[in-house]
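Report on the following structure.
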Amino acid sequence: MSMMRRILTTQPGKALSGGGRAFGLALALCFALPGAALLWPQGAQAQAAEGQVQSLNALTYLPETLEIMAQEGLIQGRDLGAEMFGNSDDPAWVLALARIFDAGRMQRLYDTALAEVLAQDPSLIADVTPFLSSELGRRTLGLELEARSTALDEIARGAAREVFAELEATDPARRAQIERLVLSADLIESNVIAGLNGNVAFIRGMAEAGAPGTRIDEGSLLAQVWSQQPQIRTDVADFLYPLMALAYASLSDDELEAYVLFAESAEGRRFNAALTKAFEPLMIDLSRNLGLEAGRLMSGQVL
């Protein structure tokens, strides 16, 4: 749930690896400009907003999550460099990746968006804290974090796929629980849309940087990106289900059922929706900045 919302990472139009290589969790046309000022409320209101953000971040292991996302971005960014430029170790590209996937920068963007989301639902933290702070909630979110870290390794991802494939034959009830969790949190659809919108942001970034052959016709661009939807959907499912099977392997059926019931509750749905919305500006920022830096390198600019 909290971790599974943040499934997509960085490389456009490719099969998922450590968290999806579309460009994630964001709405098209709604992206944060690099270097934009972070506008917090002032005075007592600012202190209250920052306190709420820090409280929810602690409950959801947000700093640890962003560290893993930064690692994913660096790994997949180097893969992207190899495909686009034939060199994953180009010093300018490696330096650009380090700037983009700086965990501190990523957290500032996320925290600003989360403060705005929480301002629209001020009772959310109080409503979800009883479950998130419970022994089961803490353990489950910790398992999600551990699974995502493990998924940085390609061999581990392959093993997770085998585990999930076996569930169909050996434990269909457990597989059904995972499918309910995915449905209740709208994980497939939200990630597919995020991937499509992220790809749009990436291409626009390249065009803005003046990369050769990237003049944008909006109609053609959207049609081209939309044509990627079936593959992105397949890729999302191919990564998401095995990751969840891996994460929850140590939970009993009753424990997993309690987690699913929370996801299906009004509070759980609000929680997932809030996290998705809070991550939108960050994920689009990552996508657009990758496009900008790739376009600059392709056009011979100094990064």
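The values are calculated or read from the model by the stated rules, or taken from the named source; none is laboratory data. Keep in mind that what you see is a predicted model, and the values were worked out from it rather than measured. All Cβ positions, glycine included, derive from the backbone under ideal geometry; neighbour counts span all protein chains shown. Heavy atoms of the whole protein, side chains included, go into the accessibility calculation; ligands, DNA and RNA do not. Shrake-Rupley method; radii C 1.70, N 1.55, O 1.52, S 1.80 Å.
Some points to look at:
- Coupling constants for the range 217-230 follow from the phi torsions by the Karplus curve (6.51 cos²θ - 1.76 cosθ + 1.60, θ = phi - 60°), and in residue order they are 9, 4, x, 5, 4, 5, 5, 4, 5, 4, 5, 7, 4, x Hz; glycine and proline get x.
- Pairwise centroid distance, computed over Cα atoms, of the range 217-260 with the range 95-113, Å: 24
- Estimated distance in nm for a label pair at Glu179 and Asp89, the labels positioned 7 Å out from Cα along Cα-to-Cβ: 4.7
- Here the calculated FRET efficiency for Ala82 and Leu261, from their Cβ-Cβ distance with R0 = 45 Å, stands at 0.50, rounded to the nearest 0.05.
- Over the range 166-303: Rg over Rh, Cα atoms, Kirkwood Rh: 1.11
- About its Cα centre, the dipole of the range 158-300 is roughly 620 debye, where the only charges are +1 on Lys and Arg Cβ and -1 on Asp and Glu Cβ.
- Nearest-0.05 FRET efficiency for Asp153 and Asp253, computed from C-beta distance (R0 22 Å): 0.20
- Based on alpha-carbon atoms, the Kirkwood radius and the radius of gyration of the range 179-246 give Rg/Rh equal to 1.11.
- Computed from the C-beta positions of Glu162 and Leu136, the FRET efficiency with R₀ = 25 Å rounds to 0.40.
- Net +/- balance of residues flanking Leu261 in space, Cβ distance below 13 Å, scoring K and R +1, D and E -1: -4
- Packing rank of 264-271, 290-297, 96-103, where each peptide gets the mean count of other beta carbons within 10 Å, highest leading: 290-297, 96-103, 264-271
- Calculated from backbone phi, Karplus (6.51, -1.76, 1.60) coupling profile of the range 61-74 in Hz, x at Gly/Pro: 6, 5, x, 5, 4, 5, 4, 5, 4, 5, 4, 4, x, 5
- The percentage of C-alpha pairs in the range 80-152 whose separation is greater than 19 Å is 65%.
- With viscosity 1.306 mPa s and temperature 10 °C, the Kirkwood radius over alpha carbon pairs of the range 95-195 converts through Stokes-Einstein to a diffusion coefficient of 93 µm²/s.
- For the range 141-218, fraction of C-alpha pairs farther apart than 15 Å, in %: 74
- An ellipsoid equivalent to the range 206-286, defined through the eigenvalues of its Cα gyration tensor, has semi-axes of 37, 17, 12 Å when rounded to whole angstrom and sorted largest first.
- Remark: the range 91-100, residue by residue, has Karplus-estimated 3J(HN,Hα) of x, 5, 5, 4, 5, 4, 4, 4, 5, 5 Hz, where x stands for each Gly or Pro and the curve is 6.51 cos²θ - 1.76 cosθ + 1.60 at θ = phi - 60°.
- Nearest-10 value in Å² for the accessible area of Phe262, using the 1.4 Å probe: 20
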